[in-house]
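Beneath this line is the structure, given in structure tokens, with notes to follow.
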Amino acid sequence: MRSTLFLLLGLLVSQNLFAQNQTINLVLGDTSWTSTYSAPAGEAPEDLRVSTHLRYVIDRLKEGSTADSLMTQRQHQIQLLEEYVQRGQFPVNEDYPGQRRPCFIDASGNICAVGYLVEQTAGREEAERINKRYQYAYIRDMEDEGLLTWQKTSGLSLRELEMIQPEYWNPRDGMTTEEFQDSVTQKWGVREIATGKVITRAKYDDIAMAMNYYHTGAAKKDGKWGIINEKGRLLTKTQYQNIHDYYDFLLAAVDDSTVHVYRGNGKRFVKCSFDEIAGYQEPYLIVRKDGYAAPLDKDGHTALPFEYEQVDWWMGRFRIKTPEGYGLLTEEGKVLIPAQYDELNPIKDKWIGIKDGKKYIFNLDGKQGSAQGVDEVYGYGNRFHDPELLGRSGDHYGVLSADLSWKIPPEYDTVYHYLDYHVVLKDGLIGYYNNEVSGFILPLKYTNVHAAGGNFMVKANGRWGLVSREGKVILPEEQDTIFALIPWRNTKYCYAVFTHSKGQIYSIESKLLTDTVYDEIKRLSDKTFRVCSGGTCYLGTYQADTLAVYRNEPFQHVDILYSYALVNDLGVYKRNGKSGLWELRKSYRDMVLVTEPVFDTLQTTPVYNTYLVRQDGLYGLIYGNGKWKEPARYKAYEIPENVGTYPYLLLQDERGWYRINRDGSRQDYKKPLE
């Protein structure tokens, strides 16, 4: 479309929610891509965009946690997600041309990431049942008891499932035609994309193709607009002042004072003599007449009479405004909250009424809460449907329960939600409330708290200790520092505990796993760690409650290069001043030296599974299995920065420069002049 199309009579309208959406996820957008590649996704391959997003989310999930009783299930879900990414078979959005949409299971049987988790734990039949109702729905729109029941036992929150759920692109835009402009007459017509054959000659002053899912558009002739189909043929007369596309395939057109509302296929289903369309709030079109508003349903009937100054549809209720104030009605028009409030605003699944400067809290059914002294109310918790609200009374905060009474009294400087707990802060100290019942699980005495592996690492009076999630002291606050050495994805954690600058390794139950004392203990990946003592370093791992330190392979230094949960860990070691590769195999039991220590240096590159080495003053490339990709014959290298989506490596020999691309292909390269 070459000119700007119009607002209905210059009035406010809702933004078209079916507008083209290019991001990969509803919650995270394209953060996964920009964080990984420091560049826009552009025209990156679809499978790479999806897999990049899922790997990014997996890393985020590994940083999170859940209730101890669900920890094993959570670990299993993340392992399944890693398997799904490795498999690399993703569904196709076949029904929404030109936009990204979730797709639970496509026509070929390919299943989405969340669907795969359901399939592997609850069965294919359950996944297909969900797909029948919500094939292209977002998680937040799936009002399905079976799915919610599964989620509550999965170890993943609804917010995390939303983060996982990709939006898939339709590889077939679905359009076979396009607009064109005659260079002589400057008129517009429609032609086939594939052949260029003219379907509708250039006769329109302006044109807007594919304004909605049905590819219905609009064309202008002699100053008036009409509705056209994909081939450019008129479905209505050119008689309207302007035309606007609406969510849910609704197309509205205006001539003088009458509004005609069309279905997306161009068939008119209602002609009304109202004055304006104020917006669309599914499933209602809000219209105005003679200064009053009413909701119009899909059959063209007004659900409420034209007697309100304002009407909004929210959470299955109508918020209305009269000269006396705001109120709340059911869909049938029954009064839930009398229209007497200066303001009535939704917050999560509650309503906040304001009258004469005072705040009143109501549930969806209009029942008023019993909490007193509430000056302000805020959304609280991880999800929209979490029942609690954050309340402020004066300068202090508390938590309001689902029945709108004080669950945690307003006595604290700050209150926030974390995992299954309410964290309270007062005078610089931290305490934790149990989310299920009102009461401290950690008293208000700590200056720092970290949750890890079913326990809390706590700090008081400058010293660290370990406390269980039931409030039992595991290690007293007498340690220099404590940190989780192997994270939650394993059966149990282990911890590095330093006292007087010497470290030892403890189990989650505070059992000392080894008598050895180390100068350094450092986590390398979610499977491996490094321990050093007296200038000698060893690789270690902790699996199935068993600590393994590979003392048969001492190193000057050892570090991680690459970690993939279902495959291996790959790293670099140094011995006698030379570097080599080590690998921890899939069983997490066997550490092997992939190469002898023969390289002067060894480092990562932008090329997949390829590492840059220097040997006898020359550079070469080796694969992760230690075999040569490029022998050490190059005298210089460069890894350019800020090269966009696809980074590469440059190598120079006597003949000149070569470019090694991310996929490993090589080509001659002419460096630009400085």
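Per-structure values
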item	result
Residue within region 607-621 that is surrounded by 15 or more Cβ atoms within 10 Å (Cβ to Cβ), of a type in the set (Asp, Glu) and touching a strand residue (DSSP E or B) at 6+ places or on another chain (Cβ under 9 Å) present	no
Subset of region 37-47 that is surrounded by 15 or more Cβ atoms within 10 Å (Cβ to Cβ) and part of a helix (DSSP H, G or I) - its residue that is modelled with the lowest pLDDT	Tyr37
Spans of strands (runs of 3 or more DSSP E) in region 307-418 with at least 2 residues under 30 Å from Asp290 (Cα atoms)	310-314, 317-322, 325-329, 335-341, 343-347, 350-355
Pairs, first in the same structural domain as Ile277 (by TED's automatic domain parsing) and more than 14 Å from Phe318 (Cβ to Cβ) in region 288-307, second surrounded by 17 or more Cβ atoms within 10 Å (Cβ to Cβ) and not hydrophobic (A, V, I, L, M, F, W, C), C-beta under 8 Å, six or more apart	Arg288/Asp275; Arg288/Glu276; Lys289/Asp275; Asp290/Asp275
Search result, residues across region 274-327 that are crowded, with 16+ Cβ neighbours inside 10 Å and among the aliphatic types (A, V, I, L, M)	Ile277, Ala278, Leu285, Ile286, Val287, Ala293, Ala294, Leu296, Ala303, Leu304, Val311, Ile320
Among the candidates Arg60, Arg124, residue that is free of Cβ contacts under 8 Å to residues at least 40 places away in the same chain, out of contact with any strand residue (DSSP E or B) (no Cβ under 6 Å at 6 or more places or on another chain), outside the structural domain of His215 (by TED's automatic domain parsing) and not polar (S, T, N, Q)	Arg124
Set Trp313, Trp351: member being closer than 30 Å to Gln151 by Cβ and in contact with a Pro (Cβ under 8 Å, 6 or more places away or on another chain)	Trp313
Residue in region 425-435 that is within 27 Å of the chain's Cα centre (by Cα) and either in contact (Cβ under 8 Å) with a residue 24 or more places away in the chain or not in a strand (DSSP E or B) (or both) present	yes
Selection within region 507-521 - modelled with pLDDT of 90 or more and either in contact with a Phe, Trp or Tyr (Cβ under 6 Å, 6 or more places away or on another chain) or of a type in the set (A, V, I, L, M, F, W, C) (or both)	Val517, Ile521
Top-ranked residue in region 96-105 [being in a loop (DSSP other than H, G, I, E, B) and at pLDDT 80 or above; ranked as nearest to the chain's Cα centre (by Cα)]	Pro102
Residue among Val190, Val114, Val118 that alone is surrounded by 15 or more Cβ atoms within 10 Å (Cβ to Cβ), touching a Ser or Thr at 6+ places or on another chain (Cβ under 8 Å) and modelled with pLDDT of 90 or more	Val190
Whichever residue in region 556-575 is modelled with pLDDT under 95 and not in a strand (DSSP E or B) and, among such residues, is farthest from the chain's Cα centre (by Cα)	Val567
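The values are calculated or read from the model by the stated rules, or taken from the named source; none is laboratory data. Everything quoted here is computed from the prediction, not taken from an experiment. Virtual Cβ from ideal backbone geometry, glycine too; neighbours counted across all protein chains shown.
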